[in-house]
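S.K.: Sharing a structure below in structure tokens format, with a few things to ask.
The values are calculated or read from the model by the stated rules, or taken from the named source; none is laboratory data. Every value quoted in this text rests on a predicted model; they were computed, and no experiment measured them. Every residue, glycine as well, gets a Cβ built from its backbone with ideal geometry; the counts of neighbours run over all protein chains shown. Heavy atoms of the whole protein, side chains included, go into the accessibility calculation; ligands, DNA and RNA do not. Shrake-Rupley method; radii C 1.70, N 1.55, O 1.52, S 1.80 Å.
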Amino acid sequence: PDTAASTSAAPSRLMDDFACVNGNITASDASEAAPALIIVTGLIGIAFSVFLLKLVSSIALDVASNNEPLVGSEPINGADVAEQNARLLELYAAITTGANAFLRSEYKLCGIFIVLAFPAMSVLIAWGDKEDGKWEWKNGWLSGVSFVVGAITSIVCGYIGMRVAVFSNARCTVGACAPAPHGWTHSFNTAFRAGGVMGFSLTGVALLSLYALILGLRPLFGSEQTDLM
């Protein structure tokens with residue numbers, strides 16, 4: 001009996017967020033607050049990623065900036081520091097050039113794939129969802145549009161990730177030049193914050209783009225489905 005009661009109560013709790021008005025399901029106050037929660041959460045993620053990026057960018061590309069001499073040790077040789085900085089900037093520029101070349105090649109292939117996959121996906125889904133011999137073109141094209149939006153979002157996030165990774169690599173090196181054990185701490189914090197830029201920006205952009213896609217496609221569906229958003 002207890003099991004039956006708990007089972008019957010589950011649908012009741014599930015429908016607490018909805019009310020039936022004139023035969024239609026309408027959202028309650030709790031579900032109406034969901035859009036604000038989605039938007040605010042996405043913006044917070046992007047804002048926090050910008051904050052982390054500022055922390056990473058505050059590190060100067062100077063190996064002497066975190067390399068204070070230990071007590072009793074000889075002072076840092078200015079000529080050696082200048083040579084190390086020149087080498088650091090040279091490698092940084094080379095890695096940046098390579099990363100840019102990689103992104104251009106990758107995104108050319110991604111563009112070709114999107115152009116070919118969009119119509120193919122749309123046609124196949126329209127054919128697969130057909131009823132009574134009638135192709136469901138709306139489902140096909142909307143699925144294709146959703147795919148394109150997702151692909152562009154992925155490309156944007158991948159670009160951010162690559163740029164931040166290259167941007168932070170040289171600064172991790174600067175942090176590692178600090179005397180032990182501080183070098184481990186500085187370099188790890190820089191790498192961790194740079195990874196956070198990618199993580200929080202990706203989730204924020206993805207969340208907002210998905211919600212924008214839902215809002216854009218919402219008028220194309222029936223009223224019985226729009227209230228479930």
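S.K.: Among the residues of the stretch 172-196, how many are open to solvent by 20 Å² or more (accessible area, probe 1.4 Å) and in contact (Cβ under 8 Å) with a residue 24 or more places away in the chain?
M.R.: The number of residues fulfilling the criteria is 6.
S.K.: For the stretch 126-147, check the following and say yes or no: at least one residue is within 25 Å of ARG104 (Cβ to Cβ) and of a type outside the set (Asp, Glu).
M.R.: Yes; the residues of the stretch 126-147 include at least one that is within 25 Å of ARG104 (Cβ to Cβ) and of a type outside the set (Asp, Glu).
S.K.: Could you grab me the full set of residues in the stretch 38-66 that are among the hydroxyl-bearing types (Ser, Thr, Tyr), assigned to a helix (DSSP H, G or I) and open to solvent by 50 Å² or more (accessible area, probe 1.4 Å)?
M.R.: Once the filter is applied, which keeps residues that are among the hydroxyl-bearing types (Ser, Thr, Tyr), assigned to a helix (DSSP H, G or I) and open to solvent by 50 Å² or more (accessible area, probe 1.4 Å), the stretch 38-66 yields THR41, SER57.
S.K.: SER122 - would you say it is of a type in the set (S, T, N, Q), more than 30 Å from VAL50 (Cβ to Cβ) and out of contact with any strand residue (DSSP E or B) (no Cβ under 6 Å at 6 or more places or on another chain)?
M.R.: Taking the combined requirement at face value, the residue satisfies it.
S.K.: Six or more apart or on different chains, Cβ atoms under 7 Å: show the pairs whose first residue is in the stretch 89-108 and under 13 Å from TYR159 (Cα atoms) and whose second is open to solvent by 60 Å² or more (accessible area, probe 1.4 Å) and not basic (Lys, Arg).
M.R.: Pairs that qualify, where the first residue is under 13 Å from TYR159 (Cα atoms) and the partner is open to solvent by 60 Å² or more (accessible area, probe 1.4 Å) and not basic (Lys, Arg), are LEU103/TYR159.
S.K.: Checking PHE147 against (1) over 20 Å from GLY98 (Cβ atoms); (2) in contact (Cβ under 8 Å) with a residue 40 or more places away in the chain, which test does it fail?
M.R.: (2)
S.K.: Something else: Kindly provide the set of residues from the stretch 33-65 that are in contact with a Leu (Cβ under 9 Å, 6 or more places away or on another chain) and at pLDDT 85 or above, ordered by number.
M.R.: Once the filter is applied, which keeps residues that are in contact with a Leu (Cβ under 9 Å, 6 or more places away or on another chain) and at pLDDT 85 or above, the stretch 33-65 yields PRO35, ILE38, ILE39, THR41, GLY42, LEU43, GLY45, ILE46, SER49.
S.K.: Taking the criterion of being farther than 24 Å from THR41 by Cα, of a type outside the set (A, V, I, L, M, F, W, C), over 11 Å from the mean Cα position of the chain (by Cα) and at pLDDT below 85, would at least one residue in the stretch 212-220 satisfy it?
M.R.: Yes, some residue in the stretch 212-220 is farther than 24 Å from THR41 by Cα, of a type outside the set (A, V, I, L, M, F, W, C), over 11 Å from the mean Cα position of the chain (by Cα) and at pLDDT below 85.
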